[in-house]
Amino acid sequence: MAQKKLVLGTIQGPTAPLTLAAEHFGSELERLTDGRFKVNVVSAAQLGPALEQYQNVQSGAQDLFVDDIGWNAQFVRDYGVLAVPFAINGQEGFRKVLGSDFAESWRAELRSQHGIETLSDTFIRSPRVVFTTSAVYSPDDLSGVKFRVPEIDVYFNSWKAIGVNPTPVPWGELYLALRQGVVDGGEGPFTTLIPTKFPEVAKNVLLTNHLYSSNTMIMNGASYDALSDADKALFAEATESAEKFFLKEIAKLEAEHQGTMETEYGVTFAKPSDTQRAAFAAKVSEAVPGFVESGLFSEGIYEKVIAAQ
């Protein structure tokens with residue numbers, strides 16, 4: 001039988017955990033199908049930026065793509081609710097939301113209206129945390145603090161509702177802004193802290209884990225439909241194996257980074273209590289009606305996300 005060659009694109013670098021997971025998927029699929037399928041992983045956005053690769057998958061110009069689930073909101077707007085800070089309570093909460101009937105309807109719309117099949121959308125990434133020059137634990141501690149927030153509507157308005165003084169600073173200039181006191185804190189993915197050297201100037205990390213996101217592996221819908229049921233099961237098995245590989249890599253990286261920050265940078269870690277976390281979530285909920293009015297996601301979906309957990 002002739003070998004079927006597939007192209008799987010990523011925008012991450014060749015050594016990034018997600019790219020390594022994509023290669024793991026390819027190796028597993030080739031093994032499980034006795035070489036009938038071979039996957040060529042093309043990393044570092046060589047096939048174009050994320051949305052262009054989505055379009056490539058839609059048209060069949062490439063077979064597969066894996067990256068941030070947030071891109072799905074460009075096609076099915078209710079995915080936008082996943083960007084609301086403190087809406088998701090941990091990895092298990094994220095899985096419950098993505099395992100819900102309403103999330104299944106998002107995937108069905110992505111498939112029926114846009115020709116994009118979801119192989120997995122729970123390659124859960126490192127959560128976003130708060131880093132500050134002084135210790136903070138609750139919304140009250142952040143009241144009026146000059147805080148770097150991305151100029152993205154959902155982030156900016158959520159943190160404004162929490163009570164910070166939102167201060168736009170480009171990510172690449174944030175280290176200097178923290179050192180010079182232009183801002184006193186910010187937030188971002190846990191595993192970005194050491195590469196950006198923020199622990200040199202912000203010695204306090206609050207493990208809010210306020211935003212969980214994931215990567216999703218998508219496939220051209222027509223190509224997926226052309227698979228036999230047996231091969232669909234093997235694709236699912238290879239995807240599940242790649243997801244486990246990715247989660248293990250992320251967990252290892254997080255542990256290594258926390259140890260390095262504690263021992264080499266003298267960073268102090270804190271975790272909000274359930275009461276403190278609920279206070280953050282309550283503040284953010286004040287901004288939700290504005291997100292609905294601006295069309296970020298439909299009315300009632302935020303409440304469904306909360307209830308699903």
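The values are calculated or read from the model by the stated rules, or taken from the named source; none is laboratory data. Bear in mind the structure is a predicted one, so any value in this text is a computation, not a measurement. Note that each Cβ is placed from the backbone with ideal geometry, even for glycine, and that neighbours are counted across all protein chains shown.
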_Hits in segment 257-287 (condition: part of a helix (DSSP H, G or I) and either in contact with a Ser or Thr (Cβ under 9 Å, 6 or more places away or on another chain) or β-branched (Val, Ile, Thr) (or both))_ = 257, 260, 262, 263, 275, 276, 277, 279, 280, 283, 284
*Answer yes or no: is there a residue in segment 225-243 that is closer than 21 Å to residue 121 by Cα, in a strand (DSSP E or B) and modelled with pLDDT of 95 or more.*
no
_Take residues that are within 30 Å of residue 287 (Cα to Cα) and tell me which of the strands (runs of 3 or more DSSP E) falling wholly in segment 1-103 contain 2 or more._
64-68
*Would you confirm whether any residue within segment 70-83 is in the same structural domain as residue 251 (by TED's automatic domain parsing), surrounded by 19 or more Cβ atoms within 10 Å (Cβ to Cβ) and in contact with a strand residue (DSSP E or B) (Cβ under 6 Å, 6 or more places away or on another chain)?*
no
*Do we have any residue at all in segment 14-23 that's farther than 30 Å from residue 288 by Cβ and without any contact (Cβ under 8 Å) to a residue 24 or more places away in the chain?*
yes
*Of 235, 297, which residue is surrounded by 17 or more Cβ atoms within 10 Å (Cβ to Cβ), under 30 Å from residue 62 (Cβ atoms) and out of contact with any Asp or Glu (no Cβ under 8 Å at 6 or more places or on another chain)?*
235
*Find the residue count for segment 52-69, including only residues that are surrounded by fewer than 21 Cβ atoms within 10 Å (Cβ to Cβ) and charged (D, E, K, R).*
2
*Just give me the residues in segment 239-271 being over 21 Å from the mean Cα position of the chain (by Cα) and surrounded by 14 or more Cβ atoms within 10 Å (Cβ to Cβ), in sequence order.*
260, 261, 262, 265, 267, 270
